[in-house]
Each structure stands twice: as C-alpha cells, then as structure tokens.
Amino acid sequence: MAKKTSERARRKSSLKSLPRTASPKPVRSTIPSVSAQLPAPTAKQIQEAQKKFEEGIVSRGEAAPSGKPLPPRATHEIVGHKADKTPILKRKRFSMR
C-alpha cells in the first residue's frame with residue numbers, strides 16, 4: 001500500500017524544487033547618521049578621554065602591575081608610566097566572571 005502524503009508535505013516538497021530568488025538589496029538612506037553630524041573630536045578631547053578611561057580601569061582594580069599573574073578581576077597590565085605619571089596599559093584578557 002502506498003504511503004499517503006499530506007497536502008502540506010506535498011506543497012513543502014514542491015517549494016524545495018523552485019529556484020531561490022535573490023534577496024532585495026537594502027535601500028541606502030539619504031539621511032546622514034547622527035555620528036556623521038557630530039563635530040570631529042579635537043586632539044585634546046581624545047587625550048582627556050583616554051586619561052579618564054585609564055584612570056577608571058586603575059581605580060576599579062582592573063589593572064595589575066606587570067611581572068605577576070593577573071588577579072581574577074584584572075583585564076589590563078600596567079607596563080609603564082608616561083611622563084605625566086599616567087599608566088601605560090596593555091590589554092591581556094577579557095573579564096573572568
């Protein structure tokens with residue numbers, strides 16, 4: 001006795017034999033993004049942001065001196081200091097939580 005196939009199964013198998021059409025390309029918007037409308041940061045602003053980032057890492061305990069194994073919460077290693085006493089950080093790993 002022949003196996004009966006449901007209507008749904010027949011439709012599904014017939015759709016597999018049809019060639020796939022290419023997906024439409026996304027339409028490019030003519031509206032500029034928000035970040036494109038912002039003024040470019042100055043060198044002083046970049047330097048201040050970098051200093052704030054480094055101080056935050058050190059104050060949260062995410063940086064440890066080089067030469068020792070990193071503690072569990074540390075992600076950066078202090079490899080030296082700049083002339084203004086800010087640390088030079090090197091990323092060693094992502095957080096171990």
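Listing for the model above:
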item: Tabulated pairs, the range 82-94, first closer than 13 Å to Ala64 by Cβ, second of a type in the set (S, T, N, Q) and assigned to a loop (DSSP other than H, G, I, E, B), C-beta under 9 angstrom, 6+ apart or interchain; result: Lys90/Ser66; Arg91/Thr75; Lys92/Thr75; Arg93/Thr75
item: Test: residue in the range 49-69 that is modelled with pLDDT of 85 or more, more than 24 Å from the chain's Cα centre (by Cα) and surrounded by 10 or more Cβ atoms within 10 Å (Cβ to Cβ); result: yes
item: Enumeration of residues in the range 50-67 that are closer than 10 Å to Thr86 by Cβ and in contact (Cβ under 8 Å) with a residue 24 or more places away in the chain; result: Lys51, Glu54, Glu55, Val58
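The values are calculated or read from the model by the stated rules, or taken from the named source; none is laboratory data. All values reported here derive from a predicted model rather than from experimental measurement. Cβ atoms come from the backbone with ideal geometry, glycine included; neighbour counts cover every protein chain shown.
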